[in-house]
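Peer 1: Dumping the structure here so I can ask a few things about it.
The values are calculated or read from the model by the stated rules, or taken from the named source; none is laboratory data. As the structure is a prediction and not an experimental result, all values here were calculated from the model. Please note: Cβ atoms are built from the backbone with ideal geometry, for glycine as well, and neighbour counts cover all protein chains shown. Each accessible area value is taken on the protein alone, full model and side chains, heavy atoms only, with ligands, DNA and RNA left out. Shrake-Rupley method; radii C 1.70, N 1.55, O 1.52, S 1.80 Å.
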Amino acid sequence: MKKSFRYIVLSFVVLMGLSAPQAFAGNKDRSGQAGASELLINPWAASSGWGNAGMSFVNGVDAIFGNVAGITSCHSLDINFSHTSWLVGVGNDTRISSFGFLARVGESSVLGLSFMSFSIGEIPITTVQNPDGGLGTYKPNLMNINLAFAKSFSNSISGGFNLKIISESIKDMGGVGVAIDAGIQYVTGPFDNVHFGITLKNIGPTMKFSGDGISLRVFMDNTSNQQFTMVQRVDDFELPTQLSISAAYDFLFAETNRITIAGNFCSNSFTNDQLTGGLEYGWKEMFMIRAGYTWEKGIWSKQGFKEGVLYDDNCMNINRGLSAGVSIKVPLSKKEDGLKLAVDYSYRDTYTFGGTHSVGARIIF
């Protein structure tokens, strides 16, 4: 067991070493240069309710996004459905539908699979000759597929990896990429009430778009009717690498009440680093209410309007400030690890628009 743990720690250190130039190179000048930014969106209602503060504490299907080591909490089978209204009030309503499940495949090992699909709505087609549209619409397709594996090396330590497949496309152009997440969770304390976690996300090769959409028909010259196809060069782009270090502490009262304080430091490779603090109250692990606050440099600076648009030259992340959520978990069996049903809701404040709402349902065996 100790040998296996050394292997996963060594693999994690190697991943950190390979990604160090990206993970700690975030600065204002690089903002907006990464692609596949949907990889930074937490689609799960339970863990997003306190602004990702509980990455050392996250468990179940939510852990596939937060810290993959947390999926080892699965006793037999976990199933999670989630629906997110992203940036309420934006022109085309963006909906995120997510589904995931976990299955224990050994005494200490768990496999997980999840899907995250975006519905961005229909966008008018415009061309140089028809800048006002009138040519119909097109619909972007974005999907992330996650295949996760995690193992408990003792009662205190677990670690895992998550393989991501990223797909972005429109009718005549698309791109596919892959990335890896790695995470470790450590639990200690007299009642297993002290939690630590570290996770490295979105490590992978650059992505690039291809297809007929990057070609166009042009004339040889102004006097000729002969046309030829010109293919434009498309540059590749990096993925938004992210490193998170988190901790949490449980205050236990009368065996039925729990108050957890949690914190998370997130180093973003292409935007500002963020600090998140959160608080969660749980009663018999059947009713949980949580809240968090995400801070980044410039969040309290003065905002203004430039050409009628709200702007802030310092903040670079859409999710910041307050977040809140609630979960209700109902046991349907007298056994401690029996069937349970849970419903989750979360709200996240955003820099502009009307915030983000998520609703989820879980089936836990």
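Peer 1: Subtracting the Cα-Cα distance from 0.36 nm times the residue separation, let me have the gained length for Trp283 to Arg233 in nm, one decimal.
Peer 2: Between Trp283 and Arg233, full extension yields an extra 12.2 nm.
Peer 1: For the pairs Lys171/Lys208; Lys284/Lys334; Lys139/Lys171; Lys201/Lys297; Lys284/Lys335; Lys151/Lys329, note any where the Cα-Cα span goes beyond 19 Å.
Peer 2: Listed pairs above 19 Å: Lys201/Lys297; Lys151/Lys329.
Peer 1: On to the next question. How high is the relative contact order of segment 37-101, in percent, with contacts defined as C-alpha pairs under 8 Å that are six or more residues apart?
Peer 2: Contact order relative to length: 27 percent.
Peer 1: Looking at the chain as a GNM with Cα springs under 10 Å, which of Gly136, Gly32, Gly106 has the largest mean-square fluctuation?
Peer 2: Of Gly136, Gly32, Gly106, the most mobile in the Gaussian network model is Gly136.
Peer 1: In segment 147-184, which residues have a backbone nitrogen under 12 Å from the label point lying 7 Å from Ser210's Cα in the Cα-to-Cβ direction?
Peer 2: Inside the label zone: 174-177.
Peer 1: Same structure again: Compute the helix-to-body angle for 2-23: its Cα long axis versus the longest principal axis of the chain, expressed 0 to 90° and rounded to tens.
Peer 2: Result, in degrees: 30.
Peer 1: Okay, moving on. Go ahead and estimate [θ] at 222 nm for the chain from helices alone: -39,500 (n - 2.57) per DSSP H run with n ≥ 4, summed, over the residue count, rounded to 500.
Peer 2: -2500 deg cm²/dmol
Peer 1: Would you list which aspartates and glutamates come within 13 Å of Lys164, measuring only between C-alpha atoms, while excluding same-chain residues fewer than 8 positions from it?
Peer 2: Glu38, Asp181
Peer 1: Let me ask something else. Take the Cα of Ser109, step 7 Å along the line toward its Cβ, and report every residue of segment 52-73 whose backbone nitrogen sits under 17 Å from that point.
Peer 2: 69-73
Peer 1: Still on this structure, I have one more. Determine which aspartates and glutamates satisfy two conditions relative to Lys340: a Cα distance under 12 Å, and not lying fewer than 8 residues away in the same chain.
Peer 2: Asp78, Glu285
Peer 1: Whenever you get a sec, compute what percent of the accessible area on the chain sits on carbon and sulfur atoms (1.4 Å probe).
Peer 2: The C+S portion of the solvent-accessible surface of the chain is 61 percent.
Peer 1: Here's another thing I want to ask about it. Between segment 151-186 and segment 254-273, what's the alpha-carbon centroid distance in Å?
Peer 2: 20 Å
Peer 1: Could you give the dipole magnitude of the chain about its Cα centre, charging the beta-carbon of Lys and Arg +1 and that of Asp and Glu -1, in debye to the nearest 20?
Peer 2: Its charge dipole is roughly 760 debye.
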